[in-house]
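Peer 1: Let me begin by handing over the structure; questions about it come next.
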Amino acid sequence: MSSQAAEKWILYSTCDEDSDSEMRALDVSPGDDVLSVTGSGCRTLSLVANAPRSVVSVDTSPGQNYLLELKLAAIRHFDYDSLLQFLGVDPCPDRWKLFQELQSRMSHDAFRYFARHGRAVRQGVLLAGRHEKFYTRVVAPTMRLFFGRAVRDLFAASTIEEQRAVYRQRIDGPLWRSIIRYGFSERMLKTVLNDPGYQITVDVDSVGGYVLDRVHHTFMNHLARDNHWIAFMFTGKYPDRDTLPHFLLRDNYDAIRAADTKVEIVTENLTTYLRRAPDASFDKFSLSDVTSCVGQADFHLIMQHVARTVRPGGRVCYRNFLAKHGLPDDARATLRRDDTLSSSLTHDDKAFVYDLEVFTSRG
């Protein structure tokens, strides 16, 4: 969540999270009122696939909210093939022409924002964020240079045993470990993100070492060929239509189009929004990695308001990356941590760097 003006280009353009985890954690259903942090907008759209009554998506960055507006308009307007072409998954002869078709479906400010960034529109906005360019311009070329054939064989593996053998014998070694440790160091992350609103609070001994451990866990336990985020990170693209972010899979695209969910997009500080929200306003909370964007004191304030605004039986999910924030004591009277589900989701999550935290309202 950035505090920069609308002119600043978006930080995130695609999903660096595993929305399947949120769907398991929250069990969104028709009749639910959901609060989501916008980010790239992908997770918010995934929540709409379950047709809740309403979704309020909050972010301080106008650009990130404009991106959600653009994606939702594109889903509602284009057929599936045209959507993937417009966003940049598939080749497209004229994305600008498709973009102009969306003008009547978007707010004036959102349309103007993307009109000012015509090059990104023509290239495909799904891969155009500042964060995503790090992978397409730095990580993927580095992987091709040093591990090209091994990475191809890794993603071609059809069993976890086959994948483990490729990883152990042809990738994991001093060069690999040095690249990951340096490429995902705290200094490199700050350089890549270049966003004063992104506060990198570090509660791990080594950022690069932590990421290396989590990458190792993924390659040893989960097939890379089924993981959209690993595929994008290491190859700079999505390999096929079965390996896409949750909201772009065909069945979920159809569900989002069919849903009559009211989607409200709010450009505001999350704490400010929650402070004025009435008691018991929401059934489900999808808070993303909010712990990366605020300090512990502000996070505790957010969770105090979540405890106040959650309905009886409601559910809350957030992600810890480098900051490992727990629930404040005064929120524990309302929210009970689901230890089993939190542990299971952390193990299974395709966006491997996160720890999932899931809570249920005691009411």
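The values are calculated or read from the model by the stated rules, or taken from the named source; none is laboratory data. None of these values were measured; they are calculated from a predicted model. No Cβ is skipped: glycine too gets one built from the backbone with ideal geometry, and neighbour counts run over all protein chains shown. These accessible areas exclude ligands, DNA and RNA; they are computed on the full protein's heavy atoms, side chains included. Shrake-Rupley method; radii C 1.70, N 1.55, O 1.52, S 1.80 Å.
Peer 1: For q = 0.12, 0.29, 0.31 Å⁻¹, what log10 I(q)/I(0) does the stretch 117-171 give under the Debye formula with an equal point scatterer on each alpha carbon and no solvent?
Peer 2: Evaluating at q = 0.12, 0.29, 0.31 Å⁻¹ gives log10 I(q)/I(0) of -0.42, -1.01, -1.08.
Peer 1: Separate question: Report for the chain the percent antiparallel among DSSP-assigned beta bridges with both residues inside it, nearest 5. Write out the running numbers ahead of the final one.
Peer 2: Details: 9 of 27 bridges.
That works out to approximately 35 percent antiparallel.
Peer 1: Among the helices of the chain (complete DSSP H runs), which have Cα atoms covering no less than 15 Å along the helix axis and a Kyte-Doolittle mean of at least -1.0?
Peer 2: On the way: long enough: 62-77 (22 Å, -0.13); 140-156 (19 Å, 0.46); 207-221 (21 Å, 0.03); 296-309 (19 Å, -0.09).
Span-like helices, by this rule, are 62-77, 140-156, 207-221, 296-309.
Peer 1: For the stretch 1-137, what are Rg and Dmax over the alpha carbons, in angstrom?
Peer 2: 14.6, 43
Peer 1: Shifting gears a bit: Helix-derived [θ] at 222 nm for the chain: sum -39500 (n - 2.57) over DSSP H runs of at least 4, divide by residue count, nearest 500?
Peer 2: Numbers: 18 runs with 170 residues, N = 363.
It comes out at -13500 deg cm²/dmol, rounded to the nearest 500.
Peer 1: Taking every eigenvalue of the Cα gyration tensor of the stretch 208-363, multiplying by 5 and rooting it, what semi-axes result, largest first, whole Å?
Peer 2: Values: eigenvalues 171, 89, 43 Å².
In descending order, the three semi-axes are 29, 21, 15 Å.
Peer 1: Work out how much length Val202 to Leu175 would gain on full extension: take 0.36 nm times their residue separation and subtract the Cα-Cα distance, in nm to one decimal. List each step's numbers first, then the result.
Peer 2: Working: separation 27, 0.36 × 27 = 9.72 nm, distance 2.49 nm.
Net length gain for the segment: 7.2 nm.
Peer 1: For the chain, what does the relative contact order come out to in percent, with C-alpha contacts under 8 Å and a separation of six or more? Write out the running numbers ahead of the final one.
Peer 2: On the way: 637 pairs, mean separation 88.2, N = 363.
Taking the mean separation of contacting Cα pairs over the length of the chain, I get 24 percent.
Peer 1: Give the Cα extents of the stretch 85-124 along the principal axes, in whole Å, largest first.
Peer 2: Largest first, the stretch 85-124 extends 27, 17, 14 Å along its Cα principal axes.
Peer 1: Evaluate the chain: find the radius of gyration of its Cα atoms, find its Kirkwood radius, and give the ratio Rg to Rh.
Peer 2: 0.95
Peer 1: Within the accessible area of the chain, what % is carbon and sulfur when the probe is 1.4 Å and the other protein chains stay in place? Mind dumping the intermediate values first?
Peer 2: Values: 6900 of 14870 Å².
Carbon and sulfur atoms account for 46 percent of the accessible area of the chain.
Peer 1: Taking amide hydrogens as modeled 1.01 Å from N in the peptide plane, which residues meet the under 5 Å criterion relative to Arg315, leaving out close sequence neighbours?
Peer 2: Close amide H contacts, sequence-distant or interchain: Lys284, Phe285, Ser361.
Peer 1: When a/c reaches 1.5 or more, the comparison of a/b and b/c decides; with that in mind, is the stretch 34-109 rounded, prolate or oblate per its Cα gyration tensor?
Peer 2: Numbers: a/c = 2.01, a/b = 1.57, b/c = 1.28.
Note, shape of the stretch 34-109 comes out prolate.
Peer 1: Filter the trypsin sites (Lys or Arg not before Pro) in the stretch 111-175 down to the DSSP loop ones having no more than 15 other Cβ atoms within 10 Å, then list what survives.
Peer 2: Arg116
Peer 1: Over the chain, give the accessible area per residue in Å² for a 1.4 Å probe, as an integer.
Peer 2: Working: 14870 Å² over 363 residues.
I get 41 Å² per residue for the chain.
Peer 1: Turning to a different aspect of this structure: For the stretch 280-363, what is the Kirkwood estimate of the hydrodynamic radius, computed as the reciprocal of the mean inverse distance between distinct Cα atoms, to one decimal in Å?
Peer 2: Answer for the stretch 280-363: a Kirkwood hydrodynamic radius of 12.8 Å.
Peer 1: Please state the relative contact order of the stretch 276-342 as a whole percent: Cα pairs under 8 Å, 6+ residues apart? Display every interim value, and only then the final one.
Peer 2: On the way: 73 pairs, mean separation 28.7, N = 67.
Relative contact order for the stretch 276-342 comes out at 43 percent.
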